Amino acid sequence: MKKIISSITLCIFLFSLLFTMGCAKETPNSPIVQRDDKVVFSFRGKTVTESEFGYYLSLYKGRFAQVYTDFADTDEFYSTEIDGVKMEDYLFDMVIQNVKRSLIAEALYSELKENEIEIIREDIEYYIEALIYERYGNDKTVFTEALADIGITPEQLTEIYVRDEMTYSLLVYLADEETTLGMNDDAIQEYVNENYSRIRHIYVNNKYTYLTDENGDPVYGSDGKQMTTPLTGEALESKNAVIAAIQEAIASGGDFDEIYEAFSEDKYYENGYYLTRNTDFVDEVVDAAFVLEVGEWVGGTSDVGTHFVMRLPMDQSPWEDEKNSDFFSGIKDTVLNKLFGEYLDSFASEVVTDSEALDKFDVKSAKTGHNF
């Protein structure tokens, strides 16, 4: 769980719509929402109300469920601890941080580009009109009723989308200001050094072989994947002999790269693997990558075979080498969003919080997501 949760903030913030709808009351016999919201957060004249925060919480909960396979909407999951903190508190604090960021971004952009807000609003109104036409058959009554089911009005939806666009526009504006966020090659290298481990991976599959039919063609299961069967007999003995040879060569001081070239069944990346703690790879290999010091190695097994892992020194600007492209897709956007988040967090001490209002909420009780 720790591997996937640690990156939620970057994945969720900015790349999802930060809708601010919520749980207001509905007038009997009418789809129009009554608004009697208490302010939860305020910053430089901008606010997030209880209904807005309720919508944020539901949106993020839905996104957690969509993106992270280990997420479960159960008491057991929310009571699980990560670094000594219950998952409920961990996720709730993350939502709070991102809600504050969106509020801060809205206020800052309003101060910087006040004359552009109405242009943004006009574009959003046009977008919503198209949304009503395409998804609701141009029936505004049905659209309004659908929004009322989750406690929001069309007018609120407009302001929500305006806030989202202002947040993105602030990011673009600050990215163009070369010194404000500090986005440069040094910042990317620092991020890589802090979040990646470069390894050499010697791999021998002594666990299974792929099934084929009498014609030598692959046999596939109902899941569409080629079926396997455990290695036995001479085939297994042969693989274990290779593993013994590797162990002896490393123990006697052999060159790891030469042993890799001679024996490894994994030679896909000549520069090595550049792993983060969240890389979708063999768990035992990823774990080892961040325990080892540069130059150290370790051997071990997994359910797919035997592995020998050595941590290599991080090279300069590895994201610029095409051979490493599989590991650094979107790295510049990742670093930019990290810097943007840190910039917004620098204003967090100015955000006024009503703790009593905030205490009404928790992730477990929130509805799971909604989207328009």
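Some values worked out for this structure:
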quantity: 20 Å reach of a label modelled at ASP123, 7 Å along Cα-to-Cβ, counting backbone N of region 158-184; calculated: 158-177
quantity: Euclidean distance between Cα centres, region 178-211 to region 108-168, Å; calculated: 39 Å
quantity: Simple label model, 7 Å out from Cα along Cβ direction - ASP83 to VAL172, nm; calculated: 3.4 nm
quantity: Highest-fluctuation residue, GLU234, GLU284, GLU129 considered, GNM on the chain with Cα pairs under 10 Å; calculated: GLU234
quantity: Degrees between helix 87-112 axis and first principal axis of the chain (Cα, 0 to 90, nearest 10); calculated: 60 degrees
quantity: Hits among aspartates and glutamates - C-alpha to C-alpha of LYS323 under 18 Å, sequence gap 8 or more where chains match; calculated: ASP257, GLU261, ASP266, GLU270, ASP315
quantity: Kirkwood hydrodynamic radius over Cα pairs of region 82-167, then Stokes diffusion coefficient at 37 °C and 0.692 mPa s, in µm²/s; calculated: 218 µm²/s
quantity: Net charge, ASP315 excluded, C-beta distance under 12 Å - Lys, Arg +1, Asp, Glu -1; calculated: 0
quantity: Angle in degrees between helix 117-135 and the longest Cα principal axis of the chain, rounded to the nearest 10; calculated: 80 degrees
quantity: Net charge of neighbours whose Cβ lies under 10 Å from the Cβ of ALA105, counting Lys and Arg as +1 and Asp and Glu as -1; calculated: +2
quantity: Computed helical MRE - 222 nm, the chain, DSSP H runs ≥ 4 contributing -39500 (n - 2.57), nearest 500; calculated: -15000 deg cm²/dmol
quantity: Rounded Å value of the spacing that divides the Cα centres of region 75-91 and region 294-372; calculated: 18 Å
quantity: Average Cα contact separation per residue, region 31-107, under 8 Å, 6 or more apart, as relative contact order %; calculated: 31 percent
quantity: Computed lengthening from ASP185 to THR368, 0.36 nm per intervening residue step minus Cα-Cα distance; calculated: 62.0 nm
quantity: Debye, to nearest 20: dipole size of region 222-372, +1 on Lys, Arg Cβ, -1 on Asp, Glu Cβ; calculated: 500 debye
quantity: Two-site FRET efficiency, TYR269 against ALA348, from Cβ-Cβ distance with R₀ of 41 Å, rounded to 0.05; calculated: 0.55
quantity: Whole-percent pair-distance distribution, where bins are 10 Å wide, for the alpha carbons of region 248-372; calculated: 9, 27, 25, 16, 15, 6, 1
quantity: Unit Cα scatterers, Debye sum, region 299-372: log10 I(q)/I(0) for q = 0.20, 0.26 Å⁻¹; calculated: -1.04, -1.16
quantity: Under 21 Å between alpha carbons - lysine pairs in region 125-277 that sit 8 or more apart or on different chains; calculated: 4
quantity: Sequence-distant aspartates and glutamates (8 or more away, or on other chains) whose Cα lies within less than 14 Å of LYS364; calculated: ASP73, ASP75, GLU76, GLU88, ASP89, ASP93
quantity: R0 of 35 Å, Cβ-Cβ distance ASP283-GLU258: FRET efficiency to nearest 0.05; calculated: 0.80
quantity: Relative contact order (%) - criterion: Cα under 8 Å, at least six apart; region: the chain; calculated: 25 percent
quantity: Principal axes of region 48-125: Cα extent on each, largest first, Å; calculated: 49, 24, 22
quantity: Max mean-square fluctuation residue, GNM over the chain, Cα-Cα springs under 10 Å, options SER102, SER302, SER51; calculated: SER302
quantity: Cα-Cα over 21 Å, subset of LYS113/LYS332; LYS46/LYS332; LYS100/LYS332; LYS46/LYS100; calculated: LYS113/LYS332; LYS46/LYS332; LYS100/LYS332
quantity: Angle in degrees between helix 233-251 and the longest Cα principal axis of the chain, rounded to the nearest 10; calculated: 90 degrees
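Every read-out reported here was derived from the displayed coordinates using simple, explicitly stated rules and does not represent laboratory data. Computed from a predicted structure; not experimentally measured. Cβ: placed from backbone, ideal geometry, glycine included. Neighbour counts: every protein chain shown.
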